Amino acid sequence: MFHENVEIYYSVKANPNPVICSKIKEWGGAFETSSLNEFKLCINSGVSGERIIYSGIGKKNEEIEWVLDRKVYAIVVDSVKELDRIVEISKKRDEPVSIIIRVRLDINIPGSRLFQNRNYFGVCEEELDAILTKIRVIDGIQLLGFHNYGGTQNFNLDYYIESYNKLLSICELAVYTYGMDISTVGIGGGFGVALFEGDCDFQIELFGQYVKSNSSVFTRLGINKLFIDIGRYITSAMGSYITQVMDIKTVKGRKYVIVDGGTHHRSFQSILSTNFKKPLPIYIYRKDGTITMSENGHNINKVTFVGRLCTPTDVLVSNVSISNLSIGDYIIFPNSGSYGPSAGCLFFHLHSIPPEIIVEEQDLYLSSFIECMKKDGDRN
C-alpha cells in the first residue's frame with residue numbers, strides 16, 4: 001500500500017491499554033507518545049526508546065531529560081521557546097539531541113471539522129527560516145526532519161496530499177538552502193474512522209498509492225523514514241463499550257434511559273453525537289438473551305441515553321429509535337476501542353472505574369492502564 005520506507009507509529013493517547021501496546025510491539029510497530037506516563041507505559045511494555053518519539057505540548061525539562069536517558073528516537077519540537085530549552089538541556093548534558101520540528105502548515109483545504117481555527121500545534125511556516133538558521137549554527141541539535149499534525153477525524157484525502165507536498169517542500173528548503181541532512185518526515189495522522197451515519201473510513205489505500213507514486217523524492221532528499229502516527233484508525237474497531245440500563249423515565253414527553261456509565265467513559269463520540277452527528281446503530285442485549293439493534297426508522301420510540309453524572313451534558317446519544325427497553329438490558333456501543341476511559345472525566349463523582357476486558361481467542365482477562373500506572377508509573 002505505502003512505500004517501504006513508511007512506518008506506522010501508534011499514538012498511545014488513543015488507547016493506552018498495556019495489552020494493546022504489547023501487541024503492537026509484537027507486530028513490529030513503533031510508538032508516538034504525548035506525555036511522560038505514555039512514554040513510561042511503552043518502556044514498561046518492553047519497547048526500546050529508539051522505537052518511540054516524544055511529542056505533545058508544554059513538555060517539562062525533567063520529562064525531556066527522562067526520555068533522553070532512555071534513548072528516545074526523537075523529540076518533536078512544538079515551539080521556538082521549547083527548542084531553546086532543548087538546546088540548553090543539550091549543552092548541560094554535553095550530548096546531541098535528535099529533534100523533529102512540528103510545522104503548522106497553512107493548508108487551504110478543509111480538514112478535521114473539530115480542528116478548524118483551533119490549530120495552535122507546531123511552529124508556523126513563517127518561523128522556519130529563523131529556526132533553521134539557528135539550528136545550523138548550534139552544536140548539539142540534530143534535526144531529523146519535519147512533522148505535521150492533521151487534526152482528528154480527518155477524512156479529506158486532498159488535505160493530506162497537500163500537506164505531504166508542503167512537508168516535502170520544507171525538506172527541500174532545509175536540504176538545498178540550509179545544507180542540512182534530513183532523514184525523517186511525519187506525513188500524517190488523525191485519519192477519519194466511520195463512527196456516524198454518512199461517514200466512510202479515510203481512503204488510506206489511495207493516500208498510500210499517492211505517496212508511493214511520488215517516492216523518488218525520498219532518494220533525492222536522503223529521506224529514509226516516513227512515519228504515520230495514528231491511533232483511532234488502529235484501535236477503534238477493536239473494542240465495544242457495554243453498559244447496563246439502570247432506570248427509564250419520561251420528562252415532558254421525552255424518554256431518557258439512564259445507564260451505569262456515561263460520558264466519563266466515552267466522551268469523544270458522545271460529544272460529536274450530541275452536537276452534529278448521528279451515530280451508527282447500537283445493540284441491545286436483552287434480559288431474555290436476545291440481541292437486537294437500534295432502528296433507522298422515524299417512529300415515536302425515540303430515547304436519549306444519559307449517564308450517572310450530575311450534569312446535563314452527560315448525554316451518550318440522543319434520539320435513538322429503540323423499542324421495549326427494560327431495566328437490566330445491556331447496551332453495546334461498537335467501535336469504542338479508542339478515546340474511552342483515558343479520555344474522559346474518569347474521576348468525576350468518584351464512580352467506580354469501568355473494567356477493561358480483553359478478549360483474545362478463547363481467553364478473557366482484565367487489563368487497565370490505571371493498574372499499570374499504579375504498579376509501574378514511577379519505575380526508573
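All of the numbers you see were taken from the coordinates with simple rules; none came from a lab. A quick note: this is a predicted structure, and the numbers were derived from the prediction, not measured. No Cβ is skipped: glycine too gets one built from the backbone with ideal geometry, and neighbour counts run over all protein chains shown.
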Take the alpha-carbon centre of segment 197-240, take the same for segment 325-340, and report the distance between them in whole Å. 30
Net lengthening on full extension, Ser323/Leu206 (0.36 nm per residue, minus Cα-Cα): 38.0 nm
Plugging the Kirkwood radius over Cα pairs into Stokes-Einstein for the chain, at a temperature of 25 °C and a viscosity of 0.890 mPa s, what D comes out in µm²/s? 109
Quick check: pseudo-label points 7 Å beyond the Cα along Cα→Cβ at Asp94 and Tyr256, how many nm apart are they? 6.6
From the mean inverse distance of alpha carbon pairs (Kirkwood) and the Cα radius of gyration, derive Rg over Rh for segment 134-250. 1.17
Could you line up Val359, Val67 from fewest to most neighbouring Cβ atoms inside 10 Å? Val359, Val67
Quick one: length gained pulling Val137 to Ile332 fully straight, 0.36 nm per residue minus the C-alpha distance? 64.5 nm
Would you work out which of Asn335, Tyr160, Phe146 lies farthest towards the positive end of the dipole of the chain, given +1 charges on the beta-carbon of Lys and Arg and -1 on that of Asp and Glu, about the Cα centre? Asn335
What ³J(HN,Hα) values, in whole Hz, does the Karplus curve 6.51 cos²θ - 1.76 cosθ + 1.60 give for segment 19-25 when θ = phi - 60°, with x put for Gly and Pro? 5, 5, 4, 5, 5, 5, 4
Based on DSSP H runs of at least 4 residues, each adding -39500 (n - 2.57), what is the mean residue ellipticity at 222 nm of the chain after dividing by all its residues, to the nearest 500 deg cm²/dmol? -8000 deg cm²/dmol
For segment 21-95, which trypsin sites (Lys or Arg not before Pro) pass both filters: DSSP loop (anything but H, G, I, E, B) and at most 15 other C-beta atoms within 10 Å? Lys60, Lys71
With loop defined by DSSP as not H, G, I, E or B, and exposure as at most 15 other Cβ atoms within 10 Å, which is the longest segment of the chain clear of exposed GluC sites (Glu not before Pro)? 5-196
Using a Förster radius of 35 Å, what is the FRET efficiency between Ser215 and Ser22 based on their Cβ-Cβ separation? Nearest 0.05, please. 0.65
Filtered chymotrypsin sites (Phe, Trp or Tyr not before Pro), segment 291-366: DSSP coil and at most 14 other beta carbons within 10 Å: Phe347
Skipping prolines and chain starts, which residues have an amide H placed within reach, meaning under 5 Å, of the one on Gly192, given they are 5 or more residues away or on another chain? Asn154, Phe155, Phe202
Sorted by Cβ neighbour density within 10 Å, fewest at the top, the residues Met238, Met246: Met246, Met238
When the expected Rg is taken as 2.2 N^0.38 Å, what fraction or multiple of it is the alpha-carbon Rg of segment 1-147? 1.09
Quick one: what are the phi-derived ³J(HN,Hα) couplings along segment 332-348, Karplus 6.51/-1.76/1.60 with θ = phi - 60°, whole Hz, x for glycine and proline? 10, 9, x, 6, 10, x, 10, 6, x, x, 5, 9, x, 7, 4, 9, 5
Tell me, what is the FRET efficiency for Met246 and Asn119 to the nearest 0.05, using R0 = 35 angstrom and their Cβ-Cβ distance as r? 0.30
